[in-house]
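Derivation of every value follows stated rules applied to the coordinates shown; laboratory data play no part. Since the structure is predicted, the reported quantities are computational estimates derived from the model, not experimental observations. No Cβ is skipped: glycine too gets one built from the backbone with ideal geometry, and neighbour counts run over all protein chains shown.
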Amino acid sequence: MKDKINMVDQWIDSFFTSKWSIIFIFLISSLIVLPNITRESLWFDEIFSANASLTVSSLHEMFTQYIFKDVHPPFYQMLLYFWSKIGGDSDFNIRLLSYVSILISIFFSFSLLNKYFTKKIAIIFAVISIFTPAILYYAEEARPYALMYGLANILSTIYVIFAVNIKQHRNIQNNLLIAYFILGVLALYTHFFGYILIFSLSIILLGYSTFLHRKETTSKLFVISFLILIAGLIWLYIIFYYGNIADKMNGHFWIKNSFSITATNLGIMLYGHKEMLLIETILGVFLIFPFQIFFSSFKKNTFILLPVFSILIISILISLNTPIITARNLIIIIPLIMLFISFLFNDLYNSKKIVILVYLVALFTSSAYYNSTYQKECWKCASAYIEKNFDPNNCKVPTNSYADIYSSYYLGNKFSYLRNGPELQKNCDLIYFAGHTKKEEIIKTLSKKRLDTPFDIIDFHDVYVVIKKRP
């Protein structure tokens, strides 16, 4: 029995020290993501991304028709625009960009952690980063969140390196400062939460460096942070002058403040299911004892979580005027949490390696299950139903002006569209096609039209096709 335990210990040690482990991690993640990447239809927001990047003839058209009407900065859409020129406009290709963004970010974070700390920390971070359920979910979505996560991943790793160097009175390397500047600017131009992330990382580093009287380091960090700020202000000026972001900043926003829902969704992002949260809580109890070792490691690594508290506080303060807090926007705090866990696990490794392994396996299992069972709005299914059951020569597609680009994404030019809501048509049973809403709202819309014909509502996961009731 003792020999078997020693064999397991040796296998665990070899995994956390092998140069091949990162390749194995990427391979397993690909086996989860690639078969699932087209399992579900593009949903409402993804169709917006696809239209903004794939249906335009130039970047100028993209900005005037989409970017200035949206709330997100342009970097992701521009990247997707050029990405589609290379790989095409299939659902697989436009979602693949998100997965590639995450792989690249984890590779660079792994390399930095391996260089400045230990391979064990690097591998633990790679595992929990890529197999956190939300990360693989957003790796399969054509939205800027995977790219934002990837940038936050590397920036958070650089933050930890900077903080440790400041604490140990070591100089910060210029190549890392340049990387921090470039990635910081890209984060600002990917998502507005990038501003909150960069502010939080920079202000804590500046404060820490100033407190420890590291004048040269403080000066370098101040210059880099100031340059990132200037670059960010350029975009803010453009979007306020040419776009409609000012109205949204005045509170005219579709997001509703619900901190309890956000906390619940954030838990789902981290663990996938309530059962997984229970398992991780039980494993956490085993990690805590002996308490003295756990507390010592927890206290030593708390600095990693300081930007998390800053991000949450700033987000709450902004939300008092303009609601911005959603779990997906808070994806930027996940790398910091995972870095904290990685350093914690590294300190506890010798006495808790079996528990740590079980934690990682449980996280992988939850992620694999979650990513093979989630459901999205099925615009593709609804469009296929219309195409199969209705003749374009006899039927037009009644939709609304808001849903026009979504209703036509998969149907294309095969059909003509009526953009004034539900309509009764002669020799055609199709009454209405809309989505990104609930069935109750569809019923309300139909009631306002006072239709005198009985109807059926076919639900394709929050995408609805309304037809005349058939005998």
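Listed values, structure above:
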read-out	value
Kirkwood Rh in Å, taken over all unlike Cα pairs in segment 379-468	12.8 Å
For segment 379-468, size of Cβ-based charge dipole, Lys and Arg +1, Asp and Glu -1, in debye	180 debye
Structure-based [θ]222 nm, the chain - -39500 (n - 2.57) summed over DSSP H runs of at least 4, per residue, nearest 500	-22000 deg cm²/dmol
Amide H partners (placed H, <5 Å) of residue 397, local residues excluded	416, 417, 418
In segment 1-94, chymotrypsin sites (Phe, Trp or Tyr not before Pro) in a DSSP loop with at most 16 other beta-carbon atoms within 10 Å	20
Trypsin sites (Lys or Arg not before Pro) restricted to segment 411-461 and DSSP loop, no more than 12 other C-beta within 10 Å	426, 438, 450
Candidates per trypsin sites (Lys or Arg not before Pro) in segment 1-103, loop by DSSP, up to 12 other Cβ within 10 Å	19
Residue (of 361, 181, 348) at the positive-pole extreme of segment 18-373, dipole from beta-carbon charges	348
Cross-link partners of residue 426 among lysines (Cα-Cα below 29 Å; sequence separation of 8 or more within a chain)	380, 388, 396, 414, 438, 439, 444, 448, 449, 468, 469
Per-selection Kirkwood Rh - segment 366-410 (Cα, Å, 1 d.p.)	12.7 Å
Restraint check, 120/300; 19/300; 215/299, Cα-Cα greater than 21 Å	19/300; 215/299
Cβ-based exposure ranking for 436, 169, in which fewest neighbours within 10 Å come first	169, 436
Cα centre as origin, Lys/Arg/Asp/Glu Cβ charges: segment 18-373 dipole, Debye	1240 debye
Quotient of Cα Rg and 2.2 N^0.38 Å for segment 18-373, N being how many residues it contains	0.99
